[in-house]
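Undergrad: Structure in C-alpha cells, see below.
Just so it is clear, none of the values below were taken in a lab; they were calculated from the coordinates. Since the model is a prediction, treat every value here as computed from it, not as a measurement. Cβ placement follows ideal geometry from the backbone for every residue including glycine, while neighbour counts extend to all protein chains displayed.
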There are 2 protein chains.
Amino acid sequence: MIRGVLLDLAGVVYEGDHVLPGAVEAVHRLHAASLPIRFVTNTTTKTKTALLSRLAGLGLEITNEELFTPGQAARAWLDANDASPHLLVHPNLESEFADIPSRPNRAIVVGDAGQGFSFDHMNRAFRALIDGAAFLALAKNRTFMDDDGKLSLDAGAFVTALEYSSQKNAIVLGKPSPDFFHAALSSMGATPDSTVMVGDDAESDVAGALKAGIAQAILVRTGKYRDGDEHRFDPPPTHVARDLAEAASWILDNKEAS
Amino acid sequence: MIRGVLLDLAGVVYEGDHVLPGAVEAVHRLHAASLPIRFVTNTTTKTKTALLSRLAGLGLEITNEELFTPGQAARAWLDANDASPHLLVHPNLESEFADIPSRPNRAIVVGDAGQGFSFDHMNRAFRALIDGAAFLALAKNRTFMDDDGKLSLDAGAFVTALEYSSQKNAIVLGKPSPDFFHAALSSMGATPDSTVMVGDDAESDVAGALKAGIAQAILVRTGKYRDGDEHRFDPPPTHVARDLAEAASWILDNKEAS
C-alpha cells in the first residue's frame, strides 16, 4: 500500500514551457488525499527558487521542502567535504554556488551546461580532475526531450567523457543515485517499501528507483518516453501509465487506507 | 626474432612542432638494417599528404605506404559500405573526405575535432546516430600531450560521450583496433609473432598491440608517458625504453639475422 509519492517534473508534469494535460489536477488529487510528495528532478538549468516560481506560474503550487534538486545535494556535499567548486553548469545555476568561500579542497561540479560544454571548458575541467579535484555530477542522464520535440544530449554524455579521459568515476548526486532517492524519502518520513516513483525516464527514474529499493515505479508515456522503453532497462517498470493523470489514479486506488 | 616494426609518431618521433632527440637517427638505423616499418598513428588533425610533408620538414623522409592513418581506414570503410560521411573531425582532415559522392547509407566520422567539439556539433552527430547513421571513430584515445606540455582531452572522450547517449558502440578505426594493426602488418608482409610495436601510450599503443597478438611492445618514456604507466594497463609492455633511440637499439639487437 502506498504511503509516499516521488514525482519527476520535466516530461511528467511539464514539458518545455507548458504543463502536460491533466498534470496539475493530478497533483491536486494527490495533495487532497494527504499523500506526502517529493518532486525529485535532475533539472539543473534553474535554481531551486527559480524552479518553484516557474512551477507556480504553470499553476503548480508546491513548497520548498517538496522539491529535491541535485544542486542542493551538491551544496551539502561541498559543505561536508570542505570543498570549493569548479563549475561546469548552466549559467542559471551558478548563483546557487556563488557564496561559497575559498576552501582547502576542490571539486568539479558538472551539470547540464548546454552550450557551455565547449572543448575549452571540458578540457579545463579535465585538467582540474587530473590535478586532484573531486568529481561531482549533478546528473548522468543520457538524453532529454528538447524544446524542438527531439532528443538531445544530456549532461551524462559529458560526465562520461570526463570519466573516460580522467579514469575517475563521478559521484552522481541526482537520480539514479540511491542516496538521492533515500534523502527524498526520509525527508517525508516514508520507507521504500510503501513508496511509488513516477517518471518518463525508464532508466534513471524507473530502473533507478527500483534499484534503490523503492517498491513501485510507474513509467509514463510522456516526455522522453519512446516506444519499447518499458523493456529496454532492468528492472522494468512495475506499471506503465499513459500520463501522470492515469498514474495518479493508480496511486489513489492503491493508497493505504487512512 | 624481429622482422617488422610498427612505430607510433606523436610522442615517439616528434612532439608538438619539434622532433624528439635521437628519433630521426633511430629511424635511419632501422631503415639501414632493411627492417620494414609502418608508422601507425592516430593523429587525425592532418591529411596523410600534409603529415608526410610535415615529417619531411622535420628531417624524416618516409614513403606514403609506410604511413598508416585512421583517415584512410575510414575512407576504405565508407567505400565498402556505400556510405557518405557526417564529419565531426578536425577542419584539416575534411578535405580527405571532400570528394565522396552522395550514397544511400550514412555514417558519422568522429576524429580529433578540437574546438569543433561544441555542444551543437556533438548534438547534431548524436541526432544522426539515433536516426540510424553508422558510427565510425578515427581513434578512441583518452588524452594527448598538448602543445603547452600538459595532457588534454583526446577524441576518445567525445566518442564515449556519443556512445553513452546513443547507446551505440563506435567502430574504432585507429589504434587499438586489431584490424588496424593487422592491416599495417599485412601491408609489409609481416606476422604478429615477429613484429614489435613502439609507442608512448601504454594503453592504446602497447596493451592494444599485445591484445592484437603482436609479440613485443616497447613503451617509451617520452610524449604522454607518465610515471607508473608501465603498470597501469593490461597487458603491460614487454619492454620499457627511455626513448625511440634506446628502443631502436633493442630492436636491432633482436633483429632476425639476415
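Undergrad: First check a/c for the stretch A:215-258, with a ≥ b ≥ c the square roots of the eigenvalues of its C-alpha gyration tensor; if it is under 1.5, answer rounded, and if not, answer prolate when a/b is larger than b/c or oblate otherwise. Please list the in-between numbers first.
TA: Working: a/c = 3.88, a/b = 1.68, b/c = 2.31.
It comes out oblate by the Cα gyration axes.
Undergrad: Amide H to amide H, which residues 5 or more places from residue A:241 or on other chains are under 5 Å from it, using H placed in the peptide plane?
TA: Amide H neighbours of residue A:241, under 5 Å, 5+ apart: A:219, A:220, A:221.
Undergrad: Continuing with this model, one more query. Taking beta carbons within 10 Å but only from partner chains, what does the mean come to for residues B:149-161?
TA: Details: counts 0, 5, 6, 8, 12, 2, 1, 3, 13, 7, 2, 7, 13.
Per-residue shielding by partner chains comes out at 6.
Undergrad: Could you give me D for the stretch A:70-172, from Stokes-Einstein at 4 °C and 1.567 mPa s, where the hydrodynamic radius is the Kirkwood radius over C-alpha pairs? Units µm² s⁻¹, please. Can you show the working numbers first?
TA: Numbers: Rh = 13.8 Å.
It comes out at roughly 94 µm²/s.
Undergrad: To the nearest 20 Debye, how big is the dipole of the stretch A:70-172 about its Cα centre, given +1 on the beta carbon of each Lys and Arg and -1 on that of each Asp and Glu?
TA: Details: 9 positive and 13 negative charges, 78 e Å.
Once rounded to the nearest 20, the dipole reads 380 debye.
Undergrad: Quick one: plug the Kirkwood hydrodynamic radius of chain A (C-alpha pairs) into Stokes-Einstein at 10 °C, 1.306 mPa s, and report D in µm²/s. The partial results should precede the final answer.
TA: On the way: Rh = 18.6 Å.
Once the numbers are plugged in, D ends up at 85 µm²/s.
Undergrad: Further question on the same structure: Fewest Cβ neighbours within 10 Å first, please rank A:256, B:25, A:246 accordingly. Working shown, then result.
TA: Details: A:256 10, B:25 13, A:246 17.
Fewest to most other Cβ atoms nearby, the residues stand as A:256, B:25, A:246.
Undergrad: Let me ask something else. Report the extension gain between residue A:94 and residue A:257 in nm, rounded to one decimal, defined as 0.36 nm multiplied by the number of residues separating them, less their alpha carbon distance.
TA: Numbers: separation 163, 0.36 × 163 = 58.68 nm, distance 4.42 nm.
Once the chain is fully extended between residue A:94 and residue A:257, it gains 54.3 nm.
Undergrad: On to the next question. If the viscosity is 0.692 mPa s and the temperature 37 °C, what translational diffusion coefficient in µm²/s does Stokes-Einstein give for the stretch A:158-213 when Rh comes from Kirkwood over Cα pairs? Working shown, then result.
TA: Details: Rh = 12.4 Å.
Estimated diffusion coefficient is 264 µm²/s.
Undergrad: Another question about this same structure. On a full-extension model of 0.36 nm per residue, what is the gain between residue B:215 and residue B:191, subtracting their alpha-carbon distance, rounded to one decimal in nm?
TA: Details: separation 24, 0.36 × 24 = 8.64 nm, distance 0.93 nm.
Full extension from residue B:215 to residue B:191 adds 7.7 nm.
Undergrad: Identify, among A:32, A:241, A:145, the residue whose Cα sits farthest towards the positive end of the charge dipole of the protein assembly as shown, taking +1 on the Cβ of Lys and Arg and -1 on the Cβ of Asp and Glu, with the dipole about the Cα centre.
TA: A:241
Undergrad: Compare the Cα positions of B:97, B:108, B:73 along the charge dipole of the stretch B:73-123 (+1 at Cβ of Lys, Arg; -1 at Cβ of Asp, Glu; about the Cα centre) and return the one farthest towards the positive end.
TA: With unit charges placed on the Cβ atoms, the residue in question is B:108.
Undergrad: What spacing in nm lies between the two simple spin-label points modelled at residue A:148 and residue A:242, each 7 Å away from Cα in the Cβ direction?
TA: That separation, rounded to one decimal, is 3.1 nm.
Undergrad: Here's another thing I want to ask about it. Which number do you get for Rg(Cα) / (2.2 N^0.38 Å) in the stretch A:1-107? Working shown, then result.
TA: Values: Rg = 16.0 Å, N = 107, 2.2 N^0.38 = 13.0 Å.
Its radius of gyration relative to the 2.2 N^0.38 Å reference: 1.23.
Undergrad: In degrees from 0 to 90, rounded to the nearest 10, what is the angle of the helix A:244-253 Cα long axis to the longest principal axis of chain A?
TA: On a 0 to 90 degree scale, this one is about 60.
Undergrad: How many nm separate the modelled label positions at residue B:58 and residue B:34, each set 7 Å beyond the Cα in the direction of the Cβ?
TA: 2.9
Undergrad: Summing +1 for each Lys or Arg and -1 for each Asp or Glu, what net charge is found among the other residues whose Cβ lies under 14 Å from the Cβ of residue A:100? Don't jump to the answer; show the numbers that get you there.
TA: On the way: positive: A:75, A:103, A:106; negative: A:79, A:82, A:94, A:96, A:99.
Spelling it out: positives minus negatives among the neighbours equals -2.
Undergrad: Turning to a different aspect of this structure: Could you give the angle, 0 to 90 degrees to the nearest 10, between helix A:23-32's Cα long axis and the longest principal axis of the Cα atoms of chain A?
TA: The two axes meet at around 70 degrees.
Undergrad: With the calculation restricted to Cα positions, what are the radius of gyration and Dmax of the stretch B:70-120 in angstrom?
TA: For the stretch B:70-120, the Cα radius of gyration and maximum Cα-Cα distance read 10.9, 31 Å.
Undergrad: Another question, then. At a Förster radius of 35 Å, what calculated FRET efficiency corresponds to the Cβ-Cβ distance of residue B:234 and residue B:72, to the nearest 0.05?
TA: 0.75
Undergrad: Does anyone have the angle between helix B:178-187 and the longest principal axis of chain B? Alpha-carbon axes, 0 to 90°, nearest 10?
TA: Once rounded, the angle reads 60 degrees.
Undergrad: Can I ask one more? On full extension of the chain, what length is gained from residue A:120 through residue A:84, given 0.36 nm per residue of separation minus the C-alpha to C-alpha distance? Could the numbers behind the result be given before it?
TA: Values: separation 36, 0.36 × 36 = 12.96 nm, distance 2.06 nm.
Net length gain for the segment: 10.9 nm.
Undergrad: Using the Kirkwood formula on the Cα atoms of the protein assembly as shown, what hydrodynamic radius do you get, in angstrom to one decimal?
TA: Working: mean 1/r = 0.0397 Å⁻¹.
25.2 Å is the Kirkwood radius here.
Undergrad: Under unit Cβ charges (Lys, Arg +1; Asp, Glu -1), what dipole magnitude, rounded to 20 debye, does the protein assembly as shown have relative to its Cα centre? All intermediate terms of the calculation are to be shown ahead of the outcome.
TA: Details: 46 positive and 68 negative charges, 50 e Å.
With only Lys, Arg, Asp and Glu charged at Cβ, the dipole is about 240 debye.
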